[in-house]
Amino acid sequence: MKKKIIFALIFAVFLAACTNKTKKEDVNTNNKIIESATPSDMFLLVGTYTSKEGSKGIYLYKFDTETGESDSLSLAKAENPSYLVVSSDEKFVYAVGENGEGNSTANAFAFDKKNGVLQFLNSSNTESPGPCYIEIDKAGKSVLTANYGGGSISLFQVKDNGTLSPANPVIRFEGSGPDTVRQKSSHLHSIRFSPDQRFLFATDLGTDKIYRYNAIGSVFEGQPALSQASLKEFSAPAGTGPRHFDFHPSGKYFYLLGELSGDVIVYDYDEGDLKEKQVIATDSVEGSRGSADIHISPNGKFLYASNRLKADGIAIFSINPDDGTLTKAGYQPTGRHPRNFVITPNGKWLLVASRDDNKIQVFIIDNETGLLTDTGQDIHVSQPVCLKLAAM
């Protein structure tokens, strides 16, 4: 009996030693990847829809912005982190938990670049269902979510250690649009500060509105990051279904993507005001009603917009340097459901999260034409839906 007990103890110690050795080797492997990084390498953060048999949270990779090659680093477990934002100092990452009533959250992580991992800090309820977009001010003091299901914006204060306060206030919107299926009520879909941080813009798919608030630069404890009394509304064409938007690097133009209309609407942008000047179709199939994401190349020469549900792909436009208007340049087919994409800061690569094909596609950008070429250097991950880059 004693021999059996001694043998069992020896086996347990041996097993624990092997387990610890494996964990240590895993960490060292990640460190070796990071230690071998070059100036062209960046962190790629991938938000996903999670499931029992699929992805488990936020995935972190190393991405080489010269070669387009990637290496897997780590996983931070989270439930449906469908949109991410990195603080301007890149010390923290914030993610929505896109869930239902009572279970929707904003989540805070410390970004440990030395080891290539995200460390969970805390979670705060959005007090409104279906958060689908998250933003942080440049000072790193305020985090905000756009809540699709609740038709609202939730504001959180960021504490010195990066954790989030309870949501306060939660700003709710009302209204509807002409689409009796998709526009029965307000659906906030994105929220972003203007490049100069003076204004906060938000899009409402349900009401065909763009909302603008004056941002408050010096936030003290208990003070919201915006002035609710400063609200100004801009109306998009009926049935647009405003989803995402982007600013031109010059600061002169504002580009809105309509999920339902499949159009890009071009605005002159001046001191927070918008003046519509062009409407141009992005979707190659009329009535797809699935336009998703929009980004402008770092050099300001090209605009890209993703379309889903039918003829999935990326619409490519050249931008007139004199007035910001768009001209169709091409259309790049992608994998199924290209929900989100990102362009590297050097303007060389465009990475597409093809959700329903469980992969991230890596396209190289032609600097002269803006057209895309699939390199075949796919990154395989279950249901990727948000891509963000950070310096290594």
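The values are calculated or read from the model by the stated rules, or taken from the named source; none is laboratory data. In this text the structure is predicted, and so the values were computed from the model without any measurement. Cβ coordinates were reconstructed from backbone atoms using ideal geometry, including for glycine residues, and neighbour counts include every protein chain displayed. With ligands, DNA and RNA removed, areas are computed over all heavy atoms of the protein, side chains included. Shrake-Rupley method; radii C 1.70, N 1.55, O 1.52, S 1.80 Å.
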Would you mind working out the magnitude of the charge dipole of the range 120-201 relative to its Cα centre, with +1 at each Lys and Arg C-beta and -1 at each Asp and Glu C-beta, to the nearest 20 Debye?
-> 40 debye
Label-point separation (nm) for S40 and A229, each offset 7 Å from Cα along Cα-to-Cβ?
-> 5.5 nm
Could you count how many Lys pairs in the range 52-169 have their Cα atoms under 22 Å apart, skipping same-chain pairs fewer than 8 positions apart?
-> 20
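Assign unit charges at the C-beta atoms only (+1 for Lys and Arg, -1 for Asp and Glu), then state the dipole size of the chain relative to its Cα centre in Debye, rounded to the nearest 20.
1640 debye
Taking the Cα centre of the range 205-269 as origin, sum charge times position over the Cβ atoms of Lys and Arg (+1) and Asp and Glu (-1), and report the length of that vector in debye to the nearest 20.
Details: 5 positive and 7 negative charges, 23 e Å.
Dipole magnitude for the range 205-269 comes out near 120 debye.
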Within the set of other residues whose C-beta is less than 14 Å from the C-beta of S55, count the net charge using Lys and Arg as +1 and Asp and Glu as -1.
-> +1
Would you mind classifying the range 175-278 by shape? Square roots of the alpha carbon gyration tensor eigenvalues, ordered a ≥ b ≥ c; an a/c under 1.5 is rounded, otherwise it is prolate if a/b is larger than b/c and oblate if not.
-> oblate
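Run the numbers for D112 and K52: contour at 0.36 nm per residue of separation, minus the present Cα-Cα distance, in nm. Mind dumping the intermediate values first?
Values: separation 60, 0.36 × 60 = 21.60 nm, distance 2.69 nm.
That pair, D112 and K52, stretches by 18.9 nm at full extension.
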As straight-line cross-link partners of K32, the qualifying aspartates and glutamates (C-alpha separation under 14 Å, not fewer than 8 residues apart within one chain) are D41, D71
Report, in degrees rounded to the nearest 10, the 0 to 90 angle that the Cα long axis of helix 2-35 makes with the longest principal axis of the chain.
-> 40 degrees
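How big is Rg to Rh over the chain, alpha-carbon atoms, Rh as the Kirkwood inverse-mean-distance radius?
Numbers: Rg = 22.1 Å, Rh = 21.8 Å.
Dividing the radius of gyration by the Kirkwood radius yields 1.01.
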Within the range 63-98, find all residues whose amide N lies under 18 Å from a label point positioned 7 Å from the Cα of T163 along Cα-to-beta-carbon.
-> 92-95
Low-density loop GluC sites (Glu not before Pro), the range 253-299, at most 10 other Cβ within 10 Å, DSSP non-H/G/I/E/B, are E271, E286
Have a look at S382, F63, T240 and report the one farthest towards the positive end of the charge dipole of the chain, computed about the Cα centre with Cβ charges (Lys/Arg +1, Asp/Glu -1).
-> S382
Rough spin-label spacing in nm, given labels placed 7 Å along Cα→Cβ, for N299 and K328 = 2.4 nm
Computed FRET efficiency, Cβ-Cβ of N103 and E271, R0 30 Å: what is it to the nearest 0.05?
-> 0.15
Heavy-atom surface of the chain, accessible at 1.4 Å and reported per residue (Å²) = 44 Å²
Filtering GluC sites (Glu not before Pro) in the range 43-124 by DSSP loop and by at most 15 other Cβ atoms within 10 Å leaves E53, E66, E69, E90, E101
With all protein chains present and a 1.4 Å probe, how do K232, K114 order by accessible area, largest first?
-> K114, K232
